[in-house]
Amino acid sequence: MVLQQGVEFLGIVVSRKDYKERDMLVKILTDKYGFKTFFVRGVRKRGFKLGAAILPFTHGTYLGSISDEGLSFITTTRDISQYQQITQDIELNAYASYILSLIERALTTEDLVNLGWFLRVKKALELIDDGFDPAIITNIIEIQLLASFGVRPQLESCVICQNTECTFDYSENYGGLLCKQHWHLDPYRLHLDKRTVYYLRLLSVVDLNRLNSIRVKEQTKINLRKALDTIYEHQVGIYVPAKQFLDQMSSWDQTLKTDKKN
């Protein structure tokens, strides 16, 4: 086991749990070392100074010791702040938790560091905290993570003829878009409407750092959710626990809307 001492890194607190009577294990997504678990001693002692720094959805600069295999340690912090809206809103909290869980399942430490995913996740949480539609921000992460799961759907053009401007649908069998002239090749394509396909293509290439605003109709959001759920279920083959809670909330929302109409 190698312990790097006196290192500085950016971090986002993912979760924490009690360890023995006064200590905690805190999971942090770091910019240099990926997901790391930190042993924090004496959390419940009077005068404990790191309390605010280890709250979930806190982010900032951390200093400490990093272990390549075992538990790591925090010495001190600076420029610490919290995603206040995410912390206070159960729905935003669920979306943020799902994004972090998905990232942990999809990416190795090397990919997190070398492909710039830490900053992408940090920006996604900032946008959600600033009031951007959490469902759409989550969709962006989901679509752009597909390659890391080994699924690289061709969304730029038709997989058969490379047509870039046509009416498209998504084919799981062909791994991407089919233009209308080739729909007959896959009767089991997803049968998506034009607007849903448009957003699938757009969100696959959008830069979160350049996102000023985004508004998507409710039905399109529902269709996007169904399409991505199908792709993740059939082609990725994972289901993280945080997603179950999001699905339950969506079901509750639909029930409430139906009751209001009636």
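The values are calculated or read from the model by the stated rules, or taken from the named source; none is laboratory data. Source: prediction; values computed, not measured. FYI the Cβ positions are ideal-geometry reconstructions off the backbone, even for glycines, and counts take in every protein chain you see.
Pick out the one residue from 91, 8, 21, 69 that is in contact with a Pro (Cβ under 9 Å, 6 or more places away or on another chain) and among the acidic types (Asp, Glu).
Values: 8 fails: in contact with a Pro (Cβ under 9 Å, 6 or more places away or on another chain); 21 fails: in contact with a Pro (Cβ under 9 Å, 6 or more places away or on another chain); 69 fails: in contact with a Pro (Cβ under 9 Å, 6 or more places away or on another chain).
That would be 91, the only listed residue that is in contact with a Pro (Cβ under 9 Å, 6 or more places away or on another chain) and among the acidic types (Asp, Glu).
Per the listing 130, 79, the residue uniquely surrounded by fewer than 16 Cβ atoms within 10 Å (Cβ to Cβ) and on the phi > 0 side of the Ramachandran plot is 79. Scanning the range 54-73 for residues that are part of a strand (DSSP E or B), crowded, with 16+ Cβ neighbours inside 10 Å and within 25 Å of the chain's Cα centre (by Cα) yields 58, 59, 60, 62, 66, 72.
Against the test of being over 26 Å from the mean Cα position of the chain (by Cα), touching a residue at least 40 places away in the same chain (Cβ under 8 Å) and not assigned by TED's automatic domain parsing to the domain that holds residue 119, the options 7, 14, 43, 26 yield a single qualifying residue, 7.
Restricting attention to the range 104-111, does a residue exist that is assigned to a loop (DSSP other than H, G, I, E, B) and not hydroxyl-bearing (Ser, Thr, Tyr)? Yes, that holds for at least one residue. Restricting attention to the range 19-36, the residues that are under 23 Å from residue 84 (Cα atoms) and out of contact with any Gly (no Cβ under 9 Å at 6 or more places or on another chain) add up to 5. Scanning the range 161-201 for residues that are more than 23 Å from residue 236 (Cα to Cα) and either without any contact (Cβ under 8 Å) to a residue 12 or more places away in the chain or β-branched (Val, Ile, Thr) (or both) returns 162, 164, 165, 167, 184. Residue 43 meets all of the listed conditions (1) in contact with a Lys or Arg (Cβ under 7 Å, 6 or more places away or on another chain); (2) within 23 Å of residue 116 (Cα to Cα); (3) hydrophobic (A, V, I, L, M, F, W, C) but one, namely (2).
Only one of the numbered conditions (1) under 30 Å from residue 204 (Cβ atoms); (2) outside the structural domain of residue 237 (by TED's automatic domain parsing); (3) basic (Lys, Arg) is not met by residue 78, and that is (1).
Identify the residue in the range 12-53 that is within 21 Å of residue 110 (Cα to Cα) and among the charged types (D, E, K, R) and, among all such residues, is surrounded by the most Cβ atoms within 10 Å (Cβ to Cβ). Within the range 12-53, the match that is surrounded by the most Cβ atoms within 10 Å (Cβ to Cβ) is 36.
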